[in-house]
Amino acid sequence: MVRAEEAARLDRLESQVENGGGGAWEYLCLARKLQARRSDKVLKHGLTILNDPKARSKLGGEEWTLYEQVAFAAMDCQQHDVAKDCIWILSKEFPGSTRVGRLEGLLLEAKGAWAEAEKAYERLLEDNPLDQLIHKRKVAIAKAQGDLSAAVNLLNKYLEIFMADHDAWRELAEIYMSLQMYKQAAFCYEELILSQPTVPPYHLAYAEVLYTIGGLENLQTAKKYYASTITLTGGKNTRALYGVCLCSIAINQLTKGRNKEEKEGSNLQSLAAEALQRDYKERAPKKLPLVISMLKNMKLNS
């Protein structure tokens, strides 16, 4: 709720600044706080302040933060000369700074100078081998060049050190999925569920990987994780409801009704089918007849 209110405030400030009503610094601070990627506006209004000696002098130590913010925005907008100037000013003020060194590497990436960017990052890692951001930039370079195998190797090495990095596990899982390495992707989602057991998207993603792999045991486990997704979302996840239905059909086809566990849990697919119909009735009533027809064909609706 707070985030939504701040986002609305950012929109109001942007409109105010664009119409000459002042508040540029407040807008830039809020954009930075919310990590809002409004690079064209940040570049425009940030440069207005930086190019005005009087306005810049009022910032105090925040002047350097603004130079960094404008450098990021300039790279986003392909204004490499502006970014270079900002980074040069920062390097004069903070010689030997790792933070400025990262900016220099990012500028090389923005220019497509991948080999030079890698060399810059390697030099930084010599001083600080445990710099997570730089390790992640190396992964980004590999992905940008389409070398997913290298990205996988880099992420695996990274996770040997930083095992609790959820974002890295999720990124590795997504790469494995794109490479159709589903068993490896499943392992990544298992790690995520172990560390964050109440996050519904991890349960859902794990279920979908297992469903994709197939086989009776995987389908039964997938059904359980689709069910846990439904529980964690209060029954509001349409994708998980479909997942339960599809798993039920696939399991019945494999067992031909001989599986005792499926017979005992047969109510689950019926409940999922009913919940799907309620969901479509509330949110997309025009599509309800299609859903009812589909469920009948799937023999999940009478």
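The values are calculated or read from the model by the stated rules, or taken from the named source; none is laboratory data. Nothing here was measured: the structure is a model prediction, and the numbers come from that model. Counting neighbours? That spans all protein chains shown, and the Cβs are built from the backbone with ideal geometry, glycine included. Quick note on the areas: whole protein, heavy atoms, side chains included, nothing else; ligands and nucleic acids left out. Shrake-Rupley method; radii C 1.70, N 1.55, O 1.52, S 1.80 Å.
Using a 7 Å offset from the Cα along the Cα-to-Cβ direction at both Trp114 and Lys287, what is the distance between the two label points in nm, to one decimal?
Rounded to a tenth, the inter-label distance reads 3.8 nm.
Might you tell me the accessible area per residue for the chain, computed with a 1.4 Å probe and given in Å²?
57
So how do Trp169, Trp88 rank on accessible area, 1.4 Å probe, biggest first, that is with the largest at the start?
The most accessible residue leads, giving Trp88, Trp169.
If R₀ is 35 angstrom, what is the calculated FRET efficiency for the pair Arg32 and Asn153, using the beta carbon separation as r and rounding to 0.05?
Efficiency at R0 = 35 Å is approximately 0.55.
Rank these by accessible area, largest first, 1.4 Å probe: Arg278, Arg137.
Arg278, Arg137
Semi-axes, largest first, in whole Å: what does sqrt of 5 times each Cα gyration tensor eigenvalue give for the chain?
49, 27, 14
Pull out the extension gain between Ile161 and Lys236, defined as 0.36 nm times the separation in residues minus the alpha carbon to alpha carbon distance; nm, one decimal.
Using 0.36 nm per residue and subtracting the Cα-Cα distance, I get 23.3 nm.
Over the heavy atoms of Met181, what accessible area does a 1.4 Å probe trace out, to the nearest 10 Å²?
Rounded to the nearest 10, that gives 70 Å².
Whole-Hz ³J(HN,Hα) for each residue in the range 210-215, computed from phi via Karplus 6.51 cos²θ - 1.76 cosθ + 1.60 with θ = phi - 60°, x for glycine and proline: what do you get?
5, 4, 5, 5, x, x
Tell me, what does the Kirkwood hydrodynamic radius of the range 99-219 come to in angstroms if you use every pair of distinct C-alpha atoms?
Computed over Cα pairs of the range 99-219, the Kirkwood hydrodynamic radius comes out at 15.5 Å.
When all protein chains stay in place, what accessible area (Å², nearest 10, 1.4 Å probe) is found for Ile230?
Here the accessible area works out near 30 Å².
Over the residues of the range 4-108, compute the C-alpha Rg and express it relative to 2.2 N^0.38 Å.
1.06
Considering the zone a paramagnetic label at Thr212 would reach in this model (a point 7 Å from Cα along the Cα-to-Cβ line), which residues of the range 153-193 have amide N under 11 Å from it?
173-186
For the pair Ala55 and Glu174, what calculated FRET efficiency results from E = 1/(1 + (r/R0)^6), where r is the Cβ-Cβ distance and R0 = 45 Å, to the nearest 0.05? Don't jump to the answer; show the numbers that get you there.
Values: r = 43 Å, r/R0 = 0.96.
According to the calculation, E is roughly 0.55.
Ignoring any ligand, DNA or RNA, what whole percent of the accessible area of the range 139-270 comes from carbon and sulfur when the probe is 1.4 angstrom?
With neighbouring chains kept in place, the figure for the range 139-270 is 53 percent.
For Thr98 and Thr255, compute 0.36 nm times the residue count separating them, minus their Cα-Cα distance, and round to one decimal in nm. Walk me through the intermediate numbers first.
Details: separation 157, 0.36 × 157 = 56.52 nm, distance 5.97 nm.
Here the segment from Thr98 to Thr255 would lengthen by 50.5 nm.
Carbon and sulfur: what percent of the range 39-126's accessible surface (1.4 Å probe)?
Carbon and sulfur atoms account for 50 percent of the accessible area of the range 39-126.
Solvent-accessible area of Lys119, probe 1.4 Å, all protein chains present, reported in Å² to the nearest ten, please.
Answer for Lys119: close to 130 Å² accessible.
Pop a pseudo-label 7 angstrom from the Cα along the beta-carbon direction at both Gln196 and Trp88 and give the gap in nm to one decimal.
4.2
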